[in-house]
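The values are calculated or read from the model by the stated rules, or taken from the named source; none is laboratory data. Keep in mind it's a predicted model, so treat the numbers as computed, not measured. Counting neighbours? That spans all protein chains shown, and the Cβs are built from the backbone with ideal geometry, glycine included.
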Amino acid sequence: MQNLIISKPVKTLTGTVQLTGSKSECNRALIIEALSKGKVKVQNVSDAADTVTLSGVLESQKSKVKSQKLIFDNGNSNAQPETYNPQIVDIGPAGTAMRFLTAFLPLQDAEVILTGTKRMQQRPIGILVDAMRKLGARIDYEVNDGFPPIRIQGGFEQLTNRINIKGDISSQYITALLLIASSLPKGLTLDIEGDLTSRPYVEMTLAMLKQAGILHAWQGNSIHIANQPFAETILNVEPDWSAASYWYAIAALSDEAELFLPGLTSYSLQGDSVITEIMANFGITSQFKDGGVYLTKETKPLIRKIFDFKECPDLAQTVVVVCAALGHDATFTGLETLKIKETDRVLALQNELAKIGVKLTEKGQVYKLDCSGKHIPEKMTVHTYEDHRMAMAFAPLALIIPHVEIEEPMVVEKSYPAFWKDLEKAGFVVAGEIGSEG
């Protein structure tokens, strides 16, 4: 698709934006639904590409198992299943699907090769594979040790019910294991080593499992889930707070803002709901009423200098760009996992912010913005690095830069397909063919 050029002639923000279901909640819910064998149903399924991909894989696995069972059940006790090559499951750029399926597929009957895009094949999976192997799963690397693609032979005898896993890596590894724990014959105890990164995501997983009847015990650094059945329930997916964060950024860069986001609550399971507290520093007030949240902006001096993203790394790009746009020399911590995301997000931020004269420097695990050389060009072209969050984090710059050109704009389909159309509804001018692909 051609690039999009974004502009916002009027620097005010008003109206209502209906956000898609949370990708984080929905991906967990879909795995729970699949493991429950029909007891759990999911409502308000996200239309994010990652979720659509995961849903399609889970449906195909269900069909695969059914077809094999039919072969066995034809009345011939000596019947054998059809011989077939391993099923190729290509999840594209869907990182969550890669992690969750690495834990889920070994519990199924089929033999599968799980792969993805070139970037996905550069993203490590070794820690999770090692954990699954210790449990008894049969997983082999097809090309490079520690990275996709991986060959999974479904069905295994559980060797242990206790494993260690580092807490300072992607929380999705931990979530993947917690999701399958109750389906393991011996249950599972996870001993988390060191500090736990993105703790709210682990808490979200456990809360959703509890809604589906799966109880846990979390004592110190150990989480225990016994083998137990799912309860019949409906998991209703809340709108996506990560998507909401871009509207908070837009409000922060507007002269005036009055915006309503339906469906969001103050008691969300999503860790990214902390954006309400972060953006309060930028004068954005969040008022929960009428079944959603109202955003308003008031003039407020910026005081906060340090932002810690250890528990909400997906908000980092959004907040860093807002600080840069406002010329706020802030300091950031908790960005360690950004380097193994869809792209090296730290490097991507450094490259793109340099286009407006802002430096993001790294010293150990501390990152600092230097806005002393900041300038506002007439036009800025943003390279998205195949990363949906780069596109959406930089789009709000159209409030201070007359023309912002976004390369590969349809990367937003990964989590928020309607983003560009929602911008148009909110008064942005979006030049280009929206939605000509996918």
Filter the stretch 366-399 down to residues that are in contact (Cβ under 8 Å) with a residue 60 or more places away in the chain, of a type in the set (A, V, I, L, M) and farther than 18 Å from Thr343 by Cβ, then give me how many there are.
-> 3
Taking Ile401 and the conditions (1) in a loop (DSSP other than H, G, I, E, B); (2) surrounded by fewer than 18 Cβ atoms within 10 Å (Cβ to Cβ); (3) among the β-branched types (Val, Ile, Thr), which numbered condition does it fall short on, given that it satisfies the others?
-> (2)
Picking from Val112, Val143, the residue that is of a type in the set (A, V, I, L, M), surrounded by fewer than 16 Cβ atoms within 10 Å (Cβ to Cβ) and either in the same structural domain as Ala94 (by TED's automatic domain parsing) or in contact with a Leu (Cβ under 8 Å, 6 or more places away or on another chain) (or both) would be Val143
Do we have any residue at all in the stretch 129-149 that's over 25 Å from Ala94 (Cβ atoms) and modelled with pLDDT under 95?
-> no
Residues being buried (at least 17 other Cβ atoms within 10 Å of the Cβ) and touching a residue at least 40 places away in the same chain (Cβ under 8 Å): count how many of those fall in the stretch 155-167.
-> 2
Considering only residues of the stretch 357-370 that are among the hydrophobic types (A, V, I, L, M, F, W, C) and surrounded by 20 or more Cβ atoms within 10 Å (Cβ to Cβ), which is nearest to Cys323 (Cα to Cα)?
-> Leu369
Tell me, yes or no, whether the stretch 64-77 has at least one residue that is in the same structural domain as Glu193 (by TED's automatic domain parsing), within 20 Å of Ile32 (Cβ to Cβ), modelled with pLDDT under 85 and among the aliphatic types (A, V, I, L, M).
-> yes
Can you name the number of the only condition in (1) more than 24 Å from Lys23 (Cβ to Cβ); (2) in contact (Cβ under 8 Å) with a residue 12 or more places away in the chain; (3) not β-branched (Val, Ile, Thr) that Lys289 fails?
-> (2)
Reported set for the stretch 350-365 where residues are touching a residue at least 40 places away in the same chain (Cβ under 8 Å) and either within 22 Å of Thr96 (Cα to Cα) or assigned to a strand (DSSP E or B) (or both) is Leu360
Scan of the stretch 335-345 for residues that are without any contact (Cβ under 8 Å) to a residue 60 or more places away in the chain and buried (at least 20 other Cβ atoms within 10 Å of the Cβ), ordered by number | Leu335, Leu338, Arg345
When every residue in the stretch 371-387 that is within 24 Å of Arg123 (Cα to Cα) and of a type outside the set (Ser, Thr, Tyr) is compared, the one surrounded by the most Cβ atoms within 10 Å (Cβ to Cβ) is Val382
Six or more apart or on different chains, Cβ under 8 Å: which pairs go from a residue in the stretch 212-227 that's assigned by TED's automatic domain parsing to the domain that holds Thr189 and over 21 Å from Leu30 (Cβ atoms) to one that's among the basic types (Lys, Arg) and not in a strand (DSSP E or B)? Could you list them?
-> Asn227/Lys186
Can you spot a residue in the stretch 224-245 that is in contact with a strand residue (DSSP E or B) (Cβ under 7 Å, 6 or more places away or on another chain), part of a helix (DSSP H, G or I), surrounded by 14 or more Cβ atoms within 10 Å (Cβ to Cβ) and hydrophobic (A, V, I, L, M, F, W, C)?
-> yes
Between a first residue in the stretch 130-154 that is on the phi < 0 side of the Ramachandran plot and a second residue that is assigned to a strand (DSSP E or B) and among the acidic types (Asp, Glu), which pairs have beta carbons less than 8 Å apart while being 6 or more apart in sequence or on different chains?
-> Ile150/Asp140; Arg151/Glu111; Arg151/Asp140; Ile152/Glu111; Gln153/Glu111; Gly154/Glu111
Per the list (1) of a type outside the set (A, V, I, L, M); (2) surrounded by 14 or more Cβ atoms within 10 Å (Cβ to Cβ); (3) assigned to a loop (DSSP other than H, G, I, E, B), residue check on Trp218 breaks on (3)
Leading residue by the ranking (surrounded by the most Cβ atoms within 10 Å (Cβ to Cβ)) among those in the stretch 168-190 that are over 15 Å from the mean Cα position of the chain (by Cα) and in a helix (DSSP H, G or I) = Ala181
Is at least one residue of the stretch 277-285 within 25 Å of the chain's Cα centre (by Cα), part of a loop (DSSP other than H, G, I, E, B) and in the same structural domain as Glu362 (by TED's automatic domain parsing)?
-> yes
